[in-house]
Amino acid sequence: MNSTPRRFHLQRDHDVTGVSGTGRVANGILWAGGDAWYDHELAGEVQAGEGRG
């Protein structure tokens, strides 16, 4: 198993509401143990979140 953290991004290809838009919406890092960290900008504010895969 590779223990090097991996970068990823979340991509929105279709905006059903027509409000948010499309494109890259978050950037993140995934660690080998399944932990992930991501951040995204929403209405000019930077918000961060953590998740467990």
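Laboratory data are not the source of any read-out in this text; all were calculated from the coordinates shown. Just so you know, these numbers come straight off a predicted model, no measurement behind them. Counting neighbours? That spans all protein chains shown, and the Cβs are built from the backbone with ideal geometry, glycine included.
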- Given backbone amide H placed at 1.01 Å from N, residues whose amide H is under 5 Å from that of Asp35, ignoring those fewer than 5 places away on the same chain, are Gly53
- Quickly rank 33-40, 16-23, 4-11 as a protection proxy: mean count of other C-beta atoms within 10 Å, highest first. 33-40, 4-11, 16-23
